[in-house]
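**Q** Please read through the structure below; I'll follow up with questions.
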Amino acid sequence: MNKSVKNCVGTLICTFLISSSTAYSQEQYVGKIWDANKEEFVSVNGLINALAEKKYILVGERHGRKAHQDREAFIIGALAERKIHPDVHLEMLTQDQTKTVAKYRESEPEYSGRLAVSLNWAESNWPSWQFYEPVFNMAMLAKLNIFGADLNADKKQFFNNLDDYIKPYETSVVESWRESMKKAHCDLIKEDRLSKITQLQIQRDIAMAGGMLAKTPADGKALIIAGSAHTRNDRGIPRHLDQAETVSLALIEADQSKTFQELIPHSIDPKTNPYDFIWFTPKVEKKTLCDRLAQSKN
């Protein structure tokens, strides 16, 4: 048996470790956690201990991946077992949806099943509610504050229509975001549109960090769940926080066709790792929009 499973402590942690170790034992990196700063693998308990030490905890995911959202719920629960109760900020909610969640919790304080209706989740662009329900349930069971982190629709529209950047930004940050957006749009996006979307992503990072700074009390902690592109130390939300008080964890699918070095994201800043920790998860074989477009051309 895996040493960290044998020595696990706490009901929630033991349950998670045992189930994950048996389910994914044949994968080379799946389930392993890489400490990028120490350049070594660490246990789940070691990861939770490291997260618990920081004021700002950033968890970067791939949207609509069950292994990612399940781990996010686990992290919230594992911190609660240590009597650590961070406010939870979610990219999946806009800032004005914070009131919707608060109102819902007045009548349903520990169960999020019907929250999807209040949030009109089915009409959003986010993956199915079933992926994120465990995250909401765990946060509500732990009685944590839940905040919408993303810009409201009107603010997104405002930034999306600007012709110039709101503030100067390092060329490396802008170019990194441009490449990400270009890839996300299958290299089909027009140049003027690409510039606007790049600007919008940077402004979203600023807004999400601003929400954490504004709402976290001096003696409190905050945890944000967002796409891993937004939680990078070298270009994302952490740049607008006190990095000495910040830890960034990325949940990354372990493509077994790639070497370890190919799985690790490369930093645009030689002095900074993109993430402090990487937790490898099973790769989901699912055709993307770009895959479907490429197939349609053949």
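The values are calculated or read from the model by the stated rules, or taken from the named source; none is laboratory data. Given the structure is predicted, the values throughout are model-derived calculations rather than measurements. Quick reminder, even Gly has a Cβ in these numbers, built from the backbone with ideal geometry, and neighbours come from all protein chains shown. Accessible surface is based on the protein model in full, side chains and every heavy atom, while ligands, DNA and RNA are left aside. Shrake-Rupley method; radii C 1.70, N 1.55, O 1.52, S 1.80 Å.
**Q** Could you tell me whether Met140 is under 20 Å from Arg62 (Cα atoms), in contact with a Ser or Thr (Cβ under 9 Å, 6 or more places away or on another chain) and in a helix (DSSP H, G or I)?
**A** Values: under 20 Å from Arg62 (Cα atoms): no; in contact with a Ser or Thr (Cβ under 9 Å, 6 or more places away or on another chain): yes; in a helix (DSSP H, G or I): yes.
No, not satisfied.
**Q** Could you say whether any residue in region 54-68 is in a helix (DSSP H, G or I), touching a residue at least 24 places away in the same chain (Cβ under 8 Å) and farther than 26 Å from Arg235 by Cβ?
**A** In the first step, residues of region 54-68 are kept if they are in a helix (DSSP H, G or I); the result is 66-68.
With the extra rule that they be touching a residue at least 24 places away in the same chain (Cβ under 8 Å), the set shrinks to 66-68.
Within this subset, residues satisfying the condition of being farther than 26 Å from Arg235 by Cβ are 66.
Taking every residue of region 54-68 in turn, at least one turns out to be in a helix (DSSP H, G or I), touching a residue at least 24 places away in the same chain (Cβ under 8 Å) and farther than 26 Å from Arg235 by Cβ.
**Q** Looking at region 145-155, which of the residues that are among the charged types (D, E, K, R) and touching a residue at least 12 places away in the same chain (Cβ under 8 Å) is most open to solvent (accessible area, probe 1.4 Å)? Steps first, answer last, please.
**A** From region 145-155, those among the charged types (D, E, K, R) are 150, 154-155; that's our starting set.
Restricting the remaining residues to those that are touching a residue at least 12 places away in the same chain (Cβ under 8 Å) gives 150, 155.
Details: Asp150: 2, Lys155: 99 Å².
In this case the residue turns out to be Lys155.
**Q** How about region 236-275: which of its residues are open to solvent by less than 80 Å² (accessible area, probe 1.4 Å), over 12 Å from Trp34 (Cβ atoms) and among the small types (Gly, Ala, Ser)?
**A** The answer is Gly236, Ala244, Ser248, Ser267.
**Q** Turning to a different aspect of this structure: Can you confirm whether Ala142 is more than 16 Å from the chain's Cα centre (by Cα) and open to solvent by less than 90 Å² (accessible area, probe 1.4 Å)? Full working, then the answer.
**A** Values: more than 16 Å from the chain's Cα centre (by Cα): yes; open to solvent by less than 90 Å² (accessible area, probe 1.4 Å): yes.
Here the answer is yes, as Ala142 does meet what is asked.
**Q** Looking only at residues in region 106-125 that are open to solvent by 60 Å² or more (accessible area, probe 1.4 Å) and either closer than 20 Å to Leu151 by Cα or of a type in the set (D, E, K, R) (or both), which one is nearest to the chain's Cα centre (by Cα)?
**A** In the first step, residues of region 106-125 are kept if they are open to solvent by 60 Å² or more (accessible area, probe 1.4 Å); the result is 106-107, 109-111, 114, 117-118, 120, 122-123, 125.
Retained after the next criterion (residues that are either closer than 20 Å to Leu151 by Cα or of a type in the set (D, E, K, R) (or both)): 106, 110, 114, 118, 120, 122-123, 125.
Numbers: Glu106: 27, Glu110: 23, Arg114: 23, Ser118: 23, Asn120: 21, Ala122: 21, Glu123: 21, Asn125: 16 Å.
Going through the qualifying residues, I end up with Asn125.
**Q** Evaluate the following for Gly227: is it open to solvent by less than 10 Å² (accessible area, probe 1.4 Å), in contact with a strand residue (DSSP E or B) (Cβ under 9 Å, 6 or more places away or on another chain) and at pLDDT 90 or above? Can you show your working first?
**A** Numbers: open to solvent by less than 10 Å² (accessible area, probe 1.4 Å): yes; in contact with a strand residue (DSSP E or B) (Cβ under 9 Å, 6 or more places away or on another chain): yes; at pLDDT 90 or above: yes.
Spelling it out, Gly227 is indeed open to solvent by less than 10 Å² (accessible area, probe 1.4 Å), in contact with a strand residue (DSSP E or B) (Cβ under 9 Å, 6 or more places away or on another chain) and at pLDDT 90 or above.
**Q** Is it fair to say Met181 is open to solvent by less than 90 Å² (accessible area, probe 1.4 Å), closer than 25 Å to Lys215 by Cβ and either not in a loop (DSSP other than H, G, I, E, B) or not β-branched (Val, Ile, Thr) (or both)?
**A** Details: open to solvent by less than 90 Å² (accessible area, probe 1.4 Å): yes; closer than 25 Å to Lys215 by Cβ: no; either not in a loop (DSSP other than H, G, I, E, B) or not β-branched (Val, Ile, Thr) (or both): yes.
So Met181 fails the test.
**Q** Does Glu133 satisfy the criteria of being out of contact with any Cys (no Cβ under 7 Å at 6 or more places or on another chain), surrounded by fewer than 16 Cβ atoms within 10 Å (Cβ to Cβ) and more than 28 Å from Thr198 (Cβ to Cβ)?
**A** Criteria not met by Glu133.
**Q** Does Tyr111 satisfy the condition of being assigned to a helix (DSSP H, G or I), over 30 Å from Arg193 (Cβ atoms) and free of Cβ contacts under 8 Å to residues at least 40 places away in the same chain? I'd like the intermediate steps shown before the answer.
**A** Working: assigned to a helix (DSSP H, G or I): no; over 30 Å from Arg193 (Cβ atoms): yes; free of Cβ contacts under 8 Å to residues at least 40 places away in the same chain: yes.
For Tyr111, the condition - assigned to a helix (DSSP H, G or I), over 30 Å from Arg193 (Cβ atoms) and free of Cβ contacts under 8 Å to residues at least 40 places away in the same chain - is not met.
**Q** If I ask for residues that are assigned to a strand (DSSP E or B) and either of a type in the set (Phe, Trp, Tyr) or under 19 Å from Ala226 (Cα atoms) (or both), which ones from region 34-53 would you list? Before the answer, list the steps.
**A** Taking region 34-53 and keeping what is assigned to a strand (DSSP E or B), we get 34-35, 40-42.
Selection gives Trp34, Phe41.
**Q** I'd like to check something: does region 79-95 contain any residue that is in contact with a Pro (Cβ under 8 Å, 6 or more places away or on another chain) and open to solvent by less than 20 Å² (accessible area, probe 1.4 Å)? Can you show your working first?
**A** Initial filter on region 79-95 (in contact with a Pro (Cβ under 8 Å, 6 or more places away or on another chain)): 79.
Checking which are open to solvent by less than 20 Å² (accessible area, probe 1.4 Å) leaves us with 79.
Scanning region 79-95 turns up at least one residue that is in contact with a Pro (Cβ under 8 Å, 6 or more places away or on another chain) and open to solvent by less than 20 Å² (accessible area, probe 1.4 Å).
**Q** What is the residue count in region 44-86 for residues that are under 20 Å from Asp276 (Cβ atoms) and charged (D, E, K, R)?
**A** Number of matching residues: 8.
**Q** Another one. Name the one entry in Lys103, Lys83 that is among the basic types (Lys, Arg), part of a helix (DSSP H, G or I), more than 18 Å from the chain's Cα centre (by Cα) and modelled with pLDDT of 95 or more. Lay out the reasoning, then the answer.
**A** Working: Lys83 fails: part of a helix (DSSP H, G or I).
Matching residue, one of Lys103, Lys83: Lys103.
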